[in-house]
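Report on the structure given below.
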Amino acid sequence: MKDFVYSFFIFDLGSNLIVAYGYSLKSEREAYEMALGVLRDLGVEVDSLRADKYYGKSTLDDFPDSEVYLIPKSNATIKGGKRWREMVLRFMRNPLEYLEEYFKRERAESLISSIKRRTGWIINKVREERIHLTVLARVAIHDLLWSKALD
């Protein structure tokens, strides 16, 4: 039986470089938590974050000093913390401006797709350290190619 490897990358949209990454055999959430740990260890300050519909109110707590752009689920309410209400109201008051910011995450999606096209879609490793090394190699290849493009 083969396991599925979840990976999570945090990009700097200004340079297209990967700032932090995480991986997990259990869930994307665990990969996300691993990437957050890397950000905290490095002391990286995040100005803004865009996440897909699977990330909700708890994401705001993970980035207390950042501008967070989420698309609320269809059954979302305005109930919640102050930051959640402010975000939903910002979305409701000016949806075009909000969506323009939110959809900058599409650049990250295309970067992930380019990584997979260059380095393969599947990680055929079983041992944890080999999976980590494979994900790290993908990050290094991506960042080297983009840093060369920045020169």
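Quick notes
- Residue in the range 66-75 that is open to solvent by 80 Å² or more (accessible area, probe 1.4 Å), at pLDDT 85 or above and not in a loop (DSSP other than H, G, I, E, B) present: no
- When Glu106 is tested against (1) among the acidic types (Asp, Glu); (2) without any contact (Cβ under 8 Å) to a residue 24 or more places away in the chain; (3) surrounded by 12 or more Cβ atoms within 10 Å (Cβ to Cβ), just one condition goes unmet, and that condition is (3).
- Annotation: of all residues in the range 24-33 being surrounded by fewer than 18 Cβ atoms within 10 Å (Cβ to Cβ) and not charged (D, E, K, R), the one that is nearest to the chain's Cα centre (by Cα) is Ser27.
- Residue check for Arg50: under 14 Å from the mean Cα position of the chain (by Cα), within 23 Å of Glu109 (Cβ to Cβ) and of a type in the set (D, E, K, R): yes
- Filter result (out of contact with any Lys or Arg (no Cβ under 9 Å at 6 or more places or on another chain) and open to solvent by 80 Å² or more (accessible area, probe 1.4 Å)) within the range 117-148: Arg117, Trp121, Lys125, Arg127, Glu128, Glu129, Arg130, Leu144, Lys148
- Matching helices (runs of 4 or more DSSP H) fully within the range 76-151 where at least 1 residues are within 18 Å of Arg50 (Cβ to Cβ): 82-93, 95-102, 105-119
- Where a residue in the range 38-64 is open to solvent by 100 Å² or more (accessible area, probe 1.4 Å) and its partner, wherever it lies, is acidic (Asp, Glu) and assigned to a helix (DSSP H, G or I), with Cβ under 9 Å and at least six apart: Tyr54/Glu28
- Residues within the range 41-56 that are closer than 20 Å to Gly14 by Cα and either out of contact with any Lys or Arg (no Cβ under 6 Å at 6 or more places or on another chain) or assigned to a loop (DSSP other than H, G, I, E, B) (or both), tallied: 10
- Picking from residues in the range 4-23 that are in contact with a His (Cβ under 9 Å, 6 or more places away or on another chain) and buried (at least 19 other Cβ atoms within 10 Å of the Cβ), the one that is farthest from Thr134 (Cα to Cα) is Asn16.
The values are calculated or read from the model by the stated rules, or taken from the named source; none is laboratory data. Since this is a predicted model, take the numbers as computed values, not measurements. Cβ: placed from backbone, ideal geometry, glycine included. Neighbour counts: every protein chain shown. Quick note on the areas: whole protein, heavy atoms, side chains included, nothing else; ligands and nucleic acids left out. Shrake-Rupley method; radii C 1.70, N 1.55, O 1.52, S 1.80 Å.
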